[in-house]
Amino acid sequence: MTGTDPEIGFGTQPARLADGALSTLNIALIDYYRLTQECLTKVLDDMHPGISIFSFLTVKDCIAEARNDLDLIIYHPHGTEISEMAIMQANTAICQAFPTIPVIIFSDADLIQQSKFMRAALKSGARGFVPTQTASLAITMAAIHFVKAGGTFAPVDLLLTTRPDRSPGRQNRLTSRQVAVLSHLQQGKANKIIAYELGMSESTVKVHVRNIMRKMGATNRTQVAYKAQRLLQDFDGTRSSD
């Protein structure tokens, strides 16, 4: 692993993930920038041909279209153009218009702003938050899988920094490959299956599992999933008093 690996984690775990959950998936992508809109559409389509992307320039356009066949909505406000309050208002509008469809926020805000932007996104009903400066394509796809399966995706280090009594030492953060393994652990998959799906050897998966357990202070796989879930529950407790 290199020092540039993104340090991202997961919140609540889905109850189950059916095989082939992303065999077909209709995603609404809201992005005012035409270039990133087209790039995301092409990349997601190349990574998973079963994904269909319906692009919109604004939240208003997406709501006006009123599609009833969507499985997921990705909202990508650009960090230099939107405030914390604006994210909450826009995401609240999306969630009210599509109450049964999970929303993931893509944020390219400055790192110093990411924590408050994440809080705004989750507080207003988003089920996922992906910081584009650090999240790889693999992590982005893992987030889509995870949220579609019923989970909530959020960066562990940003969740920790929302609590003044928590100090997430850099050595305890998860690397991108560990995050990918963690997402599969939370789906209850065996090491052999994880190795096959991530293109690793089974021994490498075992090493990652041990390191994840050590960093999260867990003694088994069940505790790993439980501790990841508690992180988001702790965040829920702090935001309820805001």
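List of remarks:
- Amide H contacts for Gly128 (H built 1.01 Å from N in the peptide plane; partners 5 or more residues away or on another chain; cut-off under 5 Å): Val103, Ile105, Phe153.
- Restraint check, Lys42/Lys148; Lys42/Lys215; Lys189/Lys215; Lys148/Lys227; Lys116/Lys189, Cα-Cα greater than 24 Å: Lys42/Lys215; Lys116/Lys189
- Computed with a 1.4 Å probe over protein heavy atoms only, the accessible surface of the stretch 43-104 comes to 50 Å² per residue.
- The relative contact order of the stretch 33-144 comes to 23 percent, based on Cα pairs under 8 Å that sit 6 or more residues apart.
- With each label modelled as a point 7 angstrom along the Cα→C-beta vector, the Cys39-Ser201 pair spans 3.5 nm.
- Ordering Ile87, Ser115, Ala138 by the projection of their Cα atoms onto the charge dipole of the stretch 62-143, which places +1 on the Cβ of Lys and Arg and -1 on the Cβ of Asp and Glu, puts Ser115 at the extreme positive end.
The values are calculated or read from the model by the stated rules, or taken from the named source; none is laboratory data. The structure presented is a predicted model; accordingly, all values stated were derived computationally and were not measured. Note that each Cβ is placed from the backbone with ideal geometry, even for glycine, and that neighbours are counted across all protein chains shown. Note: accessible area is taken over every heavy atom of the protein model, side chains too, but ligands, DNA and RNA are not part of it. Shrake-Rupley method; radii C 1.70, N 1.55, O 1.52, S 1.80 Å.
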